Amino acid sequence: MLIIGSIIIVSIVLILVILYFTKKGIVNSYHKKVSDLEVKKNLVASTPVLLELSKVEPIIKNEKMEVKYNNWHDDFISLKENELVQIDDMLVDLDMYIEKGDYKTCRYRLAKTEMEIYKAREIANDILDQVKEITLSEEKYRSIVTKLKAKYRRLSNDYNNHKDMYDDMQEAIELQFENIEKRFLDFEKVMDKNEYTEVVHIVKALDTIIDHMGIVVEEVPDLLLMSRQIIPNRLKEIKTTADNMEKEGFPLEYLNIDYNIEESEKNINAVLDKVKVLNLEDCMFELKTMLEYLDSIFVDFEKERLSRKVYEEMEKDFSKKLDNTNKLVEDIYNQLEDIKNMYDLNEEDVDIIHDVKKTLIVINDDYKKLVSKEKASSAPYSVLHKEIDALTKRLKNMEEDLDKALKSLGNMHDDEVRAREQLDEIRDFLKKCKEKMRTYKLPVITDNYFVELSEANEAIEEIVKELDRKPIVIKTLNTRVDTARDLVLKLYNTTNEMIKTAKLAEMAIVYGNRYRSFYDDVDMGLLDAEELFAKGDYKDALDISIKSASLVDKDIYQKLLNIYDN
């Protein structure tokens with residue numbers, strides 16, 4: 001119980017101590033805020049307005065300035081005796097609320113007091129700025145005007161050194177310079193009277209006028225040169241060039257040369273009127289824009305000359321190509337029925353030829369219209385160039401379609417010619433097979449030879465039938481040719497193989513005869529081989545004869561092959 005009681009007592013003491021120090025921290029925090037506000041209030045009260053006003057007293061030379069001085073003095077004294085005294089009372093009230101522990105009201109009063117101090121500071125700073133505007137005006141505006149005088153002297157020297165470049169604008173520019181000098185005199189008069197409110201307007205006016213005169217001195221010579229020499233000369237050159245080109249047959253109506261020259265002259269006069277009163281706004285831009293437009297006209301002239309040259313070359317080539325294409329298509333179209341009777345054309349090939357004919361008719365009509373435009377000079381050459389280029393491309397596309405159809409027809413004709421040539425070659429090949437078979441007088445010719453011979457003859461007859469059929473079906477004809485060629489080649493291989501086998505068997509039997517009287521097995525084998533040979537079984541005869549002879553000579557087969565090949 002004593003331990004528990006001791007713990008409770010210690011805890012209560014700790015809580016009380018914590019609460020005490022917490023409250024003390026809060027109180028100190030609020031006191032610090034009040035102290036900071038008091039410092040800010042004192043800074044407002046110490047604003048050096050009265051010190052600056054003391055500098056104004058010696059320069060008061062007119063009633064207007066005196067009224068301003070009195071107002072600034074009275075406003076600052078009123079601020080100190082009223083607003084700042086009221087703020088002192090608010091700070092005292094804050095200490096009272098802190099002591100009472102009324103922190104809610106204290107926070108509200110703190111914010112309100114801070115706002116009042118802010119307002120008082122703004123009033124004091126505003127009065128100070130107005131006073132400084134007067135006290136610093138002498139030095140400030142004298143410095144500005146000194147720089148403006150230096151700038152003015154440079155402009156005046158630039159103008160006088162190049163006076164002859166300004167022509168009849170000299171009087172207006174010199175009057176403006178005199179106006180600037182008068183403004184400098186006005187500045188001195190106002191400064192002598194300490195009328196600083198007027199000084200601001202004079203200095204601003206001087207700055208504006210001198211900047212404007214800088215533009216005038218810099219741009220007027222260029223503006224006069226462009227508007228009185230460069231652009232008028234350019235207009236004359238355009239007019240002369242346009243007249244010469246029209247005499248040479250160039251249609252230039254689309255450029256509206258006369259109207260644009262007239263409008264350009266009006267614009268030049270308008271710019272000169274503005275320059276005479278020194279109103280240079282947008283003048284340089286307008287003249288440069290005009291020059292760019294005039295330069296573009298020369299570009300159009302060159303474009304027309306080049307287009308005419310290119311057009312004439314393209315038109316000449318196109319005309320020749322069109323004539324040749326017309327003749328070719330006409331010939332094909334006139335022979336189309338004969339071609340259809342000769343070959344089994346598909347509908348796609350026929351449609352291509354019809355489409356080419358229709359397209360060619362349209363191209364011819366468009367070309368006639370183009371030539372009419374050229375003769376009537378109703379369109380510029382730049383347009384004619386584009387149109388002849390488009391026609392050339394259309395004709396080229398049409399020729400590609402025509403080439404496709406001609407290639408198909410050409411392939412059919414080539415296939416027919418090639419089939420006839422190959423028919424002769426196949427017949428000749430078959431003839432050689434027969435002659436070779438007759439050369440080697442075999443005792444018996446096997447049945448498979450006659451079967452293959454019959455098949456080859458029938459395949460040749462099928463080629464002849466396809467060539468005699470009208471219209472010729474090229475696909476079928478090619479198939480017949482391929483079949484006949486394969487069958488004759490097969491017969492040729494059969495003929496060679498039969499003759500070779502028979503000849504080797506005969507040679508093996510002859511070679512083995514030398515050993516028959518010495519070896520019974522060789523003799524018996526050769527007898528069987530002779531019987532098979534007489535029956536036409538050349539392969540078995542060769543096998544038996546080789547086996548028989550190899551009993552004596554193992555290399556007999558290779559020796560026979562070497563003899564046969566040689």
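No lab work stands behind these numbers, since they all come straight from the coordinates. Remember, it's a predicted structure, so these values are computed and weren't measured experimentally. Cβ sites come from the backbone with ideal geometry, for glycine too, and all protein chains shown count toward neighbours.
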Under 12 Å from the Cβ of R308, count the other residues' Cβ atoms, weight Lys and Arg +1, Asp and Glu -1, and hand me the total.
-4
Relative to the present Cα-Cα distance, how much length would full extension add between K393 and D222 at 0.36 nm per residue of separation?
56.5 nm
Which lysines does K559 reach when only Cα atoms under 22 Å apart count, and residues fewer than 8 places away in its own chain are ignored?
K500, K503, K539, K547
Once you place label points 7 Å from the Cα toward the Cβ at D540 and D295, how far apart are they in nm?
10.6
How about the stretch 351-400: which GluC sites (Glu not before Pro) there are in a DSSP loop, with at most 12 other Cβ atoms within 10 Å of their Cβ?
none
For K163, counting only lysines whose alpha-carbon sits under 26 Å away and dropping same-chain residues fewer than eight positions off, the answer is K147, K149, K151, K182, K274, K276, K288
Of K247/K358; K303/K369; K40/K189; K303/K327, which ones are farther than 32 Å apart at the Cα?
K247/K358; K40/K189; K303/K327
Simple spin-label model, 7 Å along Cα-to-Cβ: D36 to E198 in nm?
5.0
